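Visitor: Below you'll find the structure I mean.
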Amino acid sequence: MSRKILVIVSEHGYWAEELIGPVSKFDERGYETVFATPTGKRAHALPPSLDANYVDPPLGRSVTTEENARLGREFEQSSRLDSPLDIEAWVPERPYTSDEGYLRKLEQYHRDLDKLDADIADFDAILIVGGSGPIADLANNERVHALILAFHKAGKVVAAECYGVACLAFARDWDDRKSIIRGKHVTGHCKEYDYKDGTGFLGTDFNMGPPPYPLEYILRDATGPRGAYHGNFGKPVSVIVDFPFVTGRSTPDSYLTGQKIVEVLEDGLTRYGW
């Protein structure tokens, strides 16, 4: 059976291995991969993720092999990211309550939102790629949340890596405001991996020190008392499957994240890593 995966990438920088890892697993299986960005602009890799000599400050060593640096540069130079879907043009925006004609606009918003169900019918999974970029334009992007909620409602696989997992924490039903990962088991960028200084983004001169929020704390709170966050600090990899969610902690987990998405789709895997 042919599979189709929607891969959402930040316009403010993705970590190369966190894109090429899962996508390589999709390519091996002959899946169709469709890329999307917040405003339809081409996404680019964060420069440190293409440099095998870059030393990751929290770990005190390189996290990119020569092979992955090469593969990342090749992907960056290819045309695969040249024409991504434009999420802003695709997914409707909820009106402000102060808008004139709010009720009519809200009704139309829900009509337009219902069209997403048909739009995603041919897709089997959604993946949010990691890196620091998602902090800037994906985590609190309600259009991205709407896509995630549509996939979740349809019972399709919902996957995310690193800081991209924040999108799952913030994807919530508008009425009860509870995260869709409440009661679920997930992983994501752990506190020990956060930079103390220099969290960077493409397309802006803004130089942030540490991330604006510790993702680990967000995920611990979002999963609630019956779910759990698994940082697995000190372990080489951390990938958690709690169907329909597949989450990867950070860079070294990228290939395994892709492999587990494949196993969920092909073998019916529903639980892994906890």
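Visitor: Name every residue in the stretch 89-106 that is surrounded by 13 or more Cβ atoms within 10 Å (Cβ to Cβ) and of a type in the set (Val, Ile, Thr), in order of residue number.
Guide: Hit for the stretch 89-106 is VAL91, nothing else.
Visitor: Also, quick follow-up: So which residues in the stretch 208-217 are open to solvent by less than 60 Å² (accessible area, probe 1.4 Å) and either under 24 Å from VAL158 (Cβ atoms) or part of a loop (DSSP other than H, G, I, E, B) (or both), if there are any at all? Before you say what the answer is, go through the steps one by one.
Guide: Our first condition is that a residue be open to solvent by less than 60 Å² (accessible area, probe 1.4 Å); within the stretch 208-217, this holds for 208-209, 211, 213-216.
Hits for the stretch 208-217 are GLY209, PRO211, TYR213, PRO214, LEU215, GLU216.
Visitor: Would you check which residues across the stretch 37-76 are in a loop (DSSP other than H, G, I, E, B), of a type in the set (Gly, Ala, Ser) and more than 20 Å from the chain's Cα centre (by Cα) and list them?
Guide: Those that are in a loop (DSSP other than H, G, I, E, B), of a type in the set (Gly, Ala, Ser) and more than 20 Å from the chain's Cα centre (by Cα): ALA52, GLY60.
Visitor: Report whether or not THR33 is of a type in the set (S, T, N, Q), open to solvent by less than 20 Å² (accessible area, probe 1.4 Å) and touching a residue at least 12 places away in the same chain (Cβ under 8 Å).
Guide: So THR33 does not fit the description; no.
Quick grid of which residues meet (1) among the basic types (Lys, Arg); (2) in contact (Cβ under 8 Å) with a residue 40 or more places away in the chain; (3) farther than 17 Å from ALA159 by Cα:
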site	(1), (2), (3)
SER179	no, yes, no
GLY198	no, yes, yes
GLY203	no, yes, yes
PHE206	no, no, yes
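Visitor: Being in contact with a helix residue (DSSP H, G or I) (Cβ under 8 Å, 6 or more places away or on another chain), surrounded by 14 or more Cβ atoms within 10 Å (Cβ to Cβ), assigned to a helix (DSSP H, G or I) and among the hydroxyl-bearing types (Ser, Thr, Tyr): is that true of SER24 here?
Guide: yes
Visitor: Pairs, please: C-beta under 6 Å, at least 6 apart or cross-chain, first residue assigned to a loop (DSSP other than H, G, I, E, B) and in the stretch 110-139, second buried (at least 18 other Cβ atoms within 10 Å of the Cβ) and among the aliphatic types (A, V, I, L, M)?
Guide: Qualifying pairs under 6 Å: ILE120/ALA150; PHE123/LEU6; ASP124/LEU265; VAL129/VAL9; VAL129/LEU19; GLY131/LEU46; LEU138/VAL144; ALA139/ALA166.
Visitor: Right, another one. Please count how many residues of the stretch 155-169 are open to solvent by 10 Å² or more (accessible area, probe 1.4 Å) and in contact with a helix residue (DSSP H, G or I) (Cβ under 7 Å, 6 or more places away or on another chain).
Guide: The qualifying residues number 1.
Visitor: May I pose another question? Mind checking which residues of the stretch 170-192 are open to solvent by 60 Å² or more (accessible area, probe 1.4 Å) and part of a loop (DSSP other than H, G, I, E, B)?
Guide: ASP173, TRP174, ASP175, ASP176, ARG177, LYS178, ARG182
The values are calculated or read from the model by the stated rules, or taken from the named source; none is laboratory data. Keep in mind that this is a model prediction, so the values were computed, not measured. Here the Cβ is made from the backbone with ideal geometry for all residues, glycine too, and neighbour counts use every protein chain on show. Quick note on the areas: whole protein, heavy atoms, side chains included, nothing else; ligands and nucleic acids left out. Shrake-Rupley method; radii C 1.70, N 1.55, O 1.52, S 1.80 Å.
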